[in-house]
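First comes the structure, then the notes that go with it.
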Ligand code: NAD
Ligand code: WQD
């Protein structure tokens, strides 16, 4: 039996494939390489000493999906494939809905036709919108403020309907908080195209000299020091969460939703300070205007995942900083 990993060449997917291979699970990656590079495959192999089975293709390609489900004996799918840039989703919303919503619908139809009904879906803390209080529990109300977030919410609702119509499905909706860090080998990590949107790759690109200085988006939020607070989680901890979710699906839980976060929030200034301390690199920054759509504080209550999945994030903020930096230093231009 094998696991199909859509989007397995991407940031979180590649780290999850490493962990799956390391527990001897057979994996097939399906990725259209729209936001990743084939070079990651050799890197994964160099970490695990195992061959990677890779298919270059699109989750929108129904024929291809059928042929894959005929060729391999899948018992589960981890579905990472999706577009994730919030700003871009405002500019090309239909592309986001087609890729993220229709792509998932297409995948689920093919899964159903081949009686593969175990699915782990990459959702996001973005589905909590601007929460009234923190820490955030899974039971909090959901909302979205941009097409990317709405695409995640639509998929969550579609999967809930699918489960209600056919309770033989087992579906884990994993709501990730802010993944950062990289594999400790420094050989795989986050490789954003162009200027990064997210804080951590921006910091490491300033440190390596690719960008001049960081803009801190607002210092007048109602937080510890006025800058935005987030729940940063090491990508390898996140990858382990997927292994635990797959295990859970084998016990046939039906539809389940888990926050994958650490439960600890850090401000932008705390992140800069922590990076500087962990790496000895200075990060020049200036305070600039708030970024449209940003919220003050977002961090998880991870207790439900801790209990139900027997999973906890174990890596410290220092490890996140060191591992992000090692990856950036070894690969100043990502996989190129
Ligand atoms: P990523 O862009 O590195 O990985 C996604 C992968 O999916 C890429 O390799 C891309 O080429 C592939 N892909 C996209 N559309 C595809 C399609 N139609 N067919 C086949 N492959 C396709 O992103 P990531 O950070 O690894 O995120 C993985 C998932 O987790 C995404 O669904 C994302 O929305 C979600 N997520 C990410 C974050 C984050 O901050 N990184 C937070 C919450 C949720
Ligand atoms: C973190 C903090 C910024 C960049 C996004 C998506 C979310 C999820 C994770 C997928 C905020 C501040 C950032 C910079 C800054 N992705 N910042 N200067 O916005 O919490 O979440 O990625 O699901 O959906 O919205 O993450 O890393 O962009 O920002 O000051 O150059 O850093 O204002 O407070 P965010 P981020």
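What follows is calculated from the coordinates using simple rules that are stated; it is not laboratory data. Model, not experiment: these values are computed from the prediction. Glycine also receives a Cβ, built like all others from the backbone with ideal geometry; neighbour counts cover every protein chain displayed.
Remarks
- Taking the C-alpha atoms only, the angle from helix 103-113 to the longest principal axis of the chain is near 30 degrees.
- The ellipsoid that matches the Cα gyration tensor of segment 63-121 has semi-axes, each √(5λ) in whole angstrom, of 26, 11, 9, with the longest given first.
- Exposure proxy order (Cβ contacts within 10 Å, fewest to most) of 165, 151, 36: 165, 36, 151
- Computed log10 I(q)/I(0) for segment 222-336 at 0.11, 0.17 Å⁻¹: -0.48, -0.98, from the Debye equation with unit scatterers placed on every C-alpha and solvent omitted.
- Helix-only mean residue ellipticity at 222 nm for the chain, each DSSP H run of n ≥ 4 adding -39500 (n - 2.57), per residue, nearest 500: -11500 deg cm²/dmol
- Candidates 39, 172, 292: whichever shows maximal mean-square fluctuation once the chain is modelled as a Gaussian network with Cα springs under 10 Å: 292
- For the chain, modelled as a GNM whose springs connect Cα atoms under 10 angstrom apart, the maximal fluctuation among 316, 76, 67 occurs at 67.
- Spread over its residues, the convex hull of the C-alpha atoms of the chain is 121 Å³ per residue.
- Segment 227-317: relative contact order in percent, alpha carbon pairs under 8 Å with at least 6 residues between: 51
- With neighbour counts taken as other beta-carbon atoms within 10 Å, the residues 15, 95 rank, fewest first, as 95, 15.
- For segment 260-303, the equivalent ellipsoid built from the Cα gyration tensor has semi-axes of 23, 18, 6 Å, listed from largest to smallest.
- Between the helical axis of 62-71 and the longest alpha-carbon principal axis of the chain there is an angle of about 70 degrees.
- Folded to 0 to 90 degrees: helix 39-48 orientation relative to the chain principal axis, Cα: 80
- Ordered by the count of other Cβ atoms within 10 Å of each Cβ, fewest first, 230, 290, 43 give 290, 43, 230.
- Residues considered: 241, 194, 280. Largest GNM mean-square fluctuation over the chain, using C-alpha springs under 10 Å, is found at 194.
- The chain, relative contact order in percent, only Cα pairs under 8 angstrom and at least six apart counted: 19
- The separation of segment 3-54 from segment 263-324, counted between C-alpha centres, amounts to 26 Å.
- For segment 1-125, alpha-carbon Rg over 2.2 N^0.38 Å: 1.02
- Distance between segment 77-99 and segment 113-176 - C-alpha centres, whole angstrom: 15
- With Cα atoms as the point set, the radius of gyration and Dmax of segment 68-198 evaluate to 16.1, 48 Å.
- Mean separation of Cα contacts under 8 Å (6+ apart) over length of segment 1-74, as relative contact order %: 35
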